[in-house]
Amino acid sequence: MMTQPPAFIPRRRWKVILAAYLVGLLICELLLLLSAYQSGGFDRPHSLADLAIIGSYHLATGLLWPVVLIVFILQLSGLLPQPIQF
């Protein structure tokens, strides 16, 4: 059984939407890896449990990248408080 895209969205537009989502996912993951590299995350040893937690965080953030983008824009505009830094 094949799943079909919703009937109210034309097939061509469906492919464009999926491609845009995947490009956003790729950009989000690259930014997460860049920030991990800049903070020295690759220099420290990690256990298997640490890697599983980090991987699940990256996967969830990558899949929810539109929400992350909206929160980031709201923080930059000053509508949301900045996160607490220790």
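Can you give the FRET efficiency for residue 63 and residue 43, using 1/(1 + (r/R0)^6), R0 = 22 Å, r = Cβ-Cβ distance, to the nearest 0.05?
Using R0 = 22 Å, I get an efficiency of 0.20.
Entry comment: accessible area of the chain is 88 Å² per residue, from protein heavy atoms only and a probe of 1.4 Å. Mean separation of Cα pairs under 8 Å and 6 or more residues apart, divided by the residue count, gives the chain a relative contact order of 28 percent. Over all distinct alpha-carbon pairs, what is the Kirkwood Rh of the chain in angstrom? Value: 15.8 Å, from the Cα pair sum.
Put the Cα centre of segment 61-77 next to the Cα centre of segment 7-26 and the gap is 19 Å. Counting protein heavy atoms only, the chain has 74 percent of its accessible area on carbon and sulfur, 1.4 angstrom probe. When the chymotrypsin sites (Phe, Trp or Tyr not before Pro) in segment 1-82 are filtered for DSSP coil states and for at most 11 other beta-carbon atoms within 10 Å of their beta-carbon, the remaining sites are 8, 42.
The values are calculated or read from the model by the stated rules, or taken from the named source; none is laboratory data. In this text, all values refer to a predicted model and were calculated from it rather than measured experimentally. Using ideal geometry, Cβ is built from the backbone for each residue, glycine included, and neighbour counts are taken over all protein chains shown. Note: areas computed on protein heavy atoms with side chains; ligands, DNA, RNA excluded. Shrake-Rupley method; radii C 1.70, N 1.55, O 1.52, S 1.80 Å.
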